[in-house]
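Have a look at the structure below, then the notes.
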Amino acid sequence: MRNNWERKKPMVKAKANPTDKITESKMDPRKKRSIIIKSIVWSVIIGIIVALIVVGTLPSTPTVYLSDIQWNGSQLTARVNNGPNRQVINLPASNLLTQYVSNSHYNVVFNIGGRNVFVSGEFTHNSNGDPIYTIGNLKIDKLNQTISIGGTQYSLGQGTNGNAQNQGLARLLQIGSIQVPNANAAIVTNIITALLPFVFYALIIYFIYRFANRGLGGSGEGAESVFTIGRSQAKLAKSTVKFTDVAGIQEEKNELIEIVDYLKNPGRYAQMGARSPRGVILYGPPGTGKTLLAKAVAGEANVPFFQVTGSAFEDMLVGVGAKRVRDLFTKAKKAAPCIIFIDEIDSVGSKRGKVEISNYSVAEQTLNQLLAEMDGFTSRTGVVVMAATNRLDVLDEALLRPGRFDRHIQVTLPDVKERTAILKIHAANKNLSSKVNLEDVARRTPGFSGAQLENVLNEATLLAVRNKKNTISIEDLDEAIDRVMAGPAKKSRVISEQDRKLTACHEAGHAIVGLHLKGVEEVQKITIIPRGQAGGYTLSTPKDAEMLMKRKSDLLNIVAGALGGRAAEEVVYGADNITTGASNDFYKATNIVRAMVTQLGMSRLGMTQFVPSEGVVSPHAKLYSDKTAEAIDVVINEIIEKQYQVAKQIIETNRDEHDLIVQTLLVQETILKKDIDYIHENKTMPPGAIDLKKATESVKEKPTAPNA
């Protein structure tokens, strides 16, 4: 059911995994680990220092002892350990907040062992009326209920000089040693209390910042945050890809070599008065190596390489896209000479005025800023802009004019020679069997891009490993091609014998029409193994060189080949027993014929192009009248019906050959070109298919042993 009628063109080809040869300019992993370790060590050291400072200044309650007690006969003097003279000692509330102030004097007469002892000094009262005492040369023995004055020990008795003084002296006996708060404790406590709200608010702001980062795309590398929303998303990378890593397209590489020479020797061009190339745009089908070519230019020139996608400029906020463009070119000017590569530029550079959301759309602001940066009032010497797109026809004309994108380089699909070169590059590190001919593989993969060819070899390698093989065989490559084209085979699907016969009849119809039409394609393979949504398919490839242009007869033959499956169903089973298996064939045939009528001028309606072959057409646009639309439908139906009759006539004339292909498919399920040509030339089944058929029939006819 597959005809591969869509022929595209040659393209760029990559060496084995060239995308692995470009790395973002970032810190060496070992240096990064060293910085992380140093940061952790310094964080621990700073934390210890801060902890020591805090512990040293936090409130504490050291024990204070009375010492240096002296008695001069009329006056007691003493010192307080762990503190300077005149230190104020505050007793807890349980001790009536009694304070002892060193080196103050007052006169107190109290009786010790029947002897009156005088302590001279002054005392005052606090706000609660409690007396304030000075401790002289006095030592208190709480256990023995004694005090010592000047080395003389006395038993404490009831004082005679007032109840308040006696109560104060009794407190001395109860305390013995005094727990004293640090004098700076109150100051430190106040400072910490004042700082706590600021720390709390700082933590709140930090978590809001982290939440904002996650809300705008995560916290990974390159993630955008509310604080960096206007910055360019371009990544500065260093490319090691060379032109030797790109196979084929020598003409395209020659165009780019001049860009490389300018980046290496800009002075030589300035001396000759030549304007430096401003920009290069690479366009072509997907997978043809446009990005790889840009990397090769950066790798050859050995200059900074800013890589960004067109969609990275877009944002829901007005003005952000234009600001990102300005930021990108500002960075590039500082790094000049350098290359800016904008991949998929059609997302930001589409034509203006087609679809307007507002009078001055956000997309237009971004495009206008890009136009101004590429060739505006300010110069950007040393910055070369490269871009890639699949749709050159949708880009704005102002973006494509000289002075912005001077060079337009088409990167097309590879021809058979270029595909062979690509396969050789990708197969360099793979263990292929000696029986594998890469030229045959290239002939069987028309229209494949470089990316698809790399995928074919990778799939073949995976199949060989899965089957525990030491080399990659031609069978592995054949299966890999089928996988890339139609998906993996669904061999476990239960298919009735009637469905197998219908599928074989359908695919044989495609093959018979292709064999008997003298077109530019030849049948390479027929299979009835279901893949994807198809029950089977027929592969046709160009006979010789792939033509860049197709003749009308070639297109008509392709249409007839696509209709061969339905024609075979009608001839073999009748008009009432046709199936739905031809839906994809009708889709292809209708598209080809519609293009012939509306775009290519290959019908009786003349050479008027009713549908543009380039650019974007609005679905609401009416390009021709209703009468013309009716005429187009009539002509399309006439051409399809005529080619259907051609296919039907071929099958009716070659019914025996058709039946041989059906029988071979039912036995082998897959027929390759060698067996197809054998059937076509000898009008008999291949020897291998005959032997397999006999073996199958003998197994079916073998009697079953009776049960004991």
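What follows draws every value from the coordinates through simple rules; no lab data is involved. Note that the structure is predicted; figures quoted are calculated from it, not measured. Cβ coordinates were reconstructed from backbone atoms using ideal geometry, including for glycine residues, and neighbour counts include every protein chain displayed.
General observations
- A simple spin-label model places the labels of Ile49 and Lys694 9.6 nm from each other, with each point 7 Å out along Cα-to-Cβ.
- Our estimate of slack between Leu605 and Ser553, defined as 0.36 nm per intervening residue step minus the Cα-Cα distance, is 17.0 nm.
- Gained length - Ser613 relative to Thr653, 0.36 nm times residue gap less alpha-carbon distance: 10.5 nm
- Charged-residue dipole, Cβ positions (Lys, Arg, Asp, Glu), the range 235-297 about Cα centre, Debye nearest 20: 340 debye
- For the range 235-410: rounded, prolate or oblate by the Cα gyration tensor [a/c cutoff 1.5]: prolate
- Among 646-654, 366-374, 573-581, the order from most to least packed when residues are scored by Cβ within 10 Å on average: 366-374, 646-654, 573-581
- Anisotropy class of the range 416-484 from Cα gyration tensor, a/c 1.5 cut: prolate
- Label-to-label distance for Ile37 and Glu439 is 5.8 nm, based on points extended 7 Å past Cα in the beta-carbon direction.
- Leading residue at positive end of dipole, the range 235-410 (Cβ point charges), from Ser347, Ser239, Thr288: Ser239
- Estimated from the Cβ-Cβ distance and a Förster radius of 35 angstrom, the FRET efficiency linking Gln645 and Thr684 is about 0.75.
- Separation between Cα centres of the range 642-668 and the range 288-347, rounded to whole Å: 56 Å
- With both labels modelled 7 Å from their Cα along Cα-to-Cβ, the Asp393 to Asp677 distance reads 3.9 nm.
- Multiplying the residue separation of Gln498 and Lys333 by 0.36 nm and removing their Cα-Cα distance gives an extension gain of 52.4 nm.
- Packing here is the average count of other Cβ atoms within 10 Å per residue, and on that basis the peptides 624-630, 589-595, highest first, run 589-595, 624-630.
- Cβ crowding within 10 Å averaged over residues, with 558-569, 398-409, 284-295, 453-464 ranked highest first: 558-569, 284-295, 453-464, 398-409
- Loop-resident sites, the range 418-461, for trypsin sites (Lys or Arg not before Pro), counting at most 12 other Cβ within 10 Å (DSSP): Lys435
- The range 489-535 and the range 421-458 have Cα centres lying 25 Å from one another.
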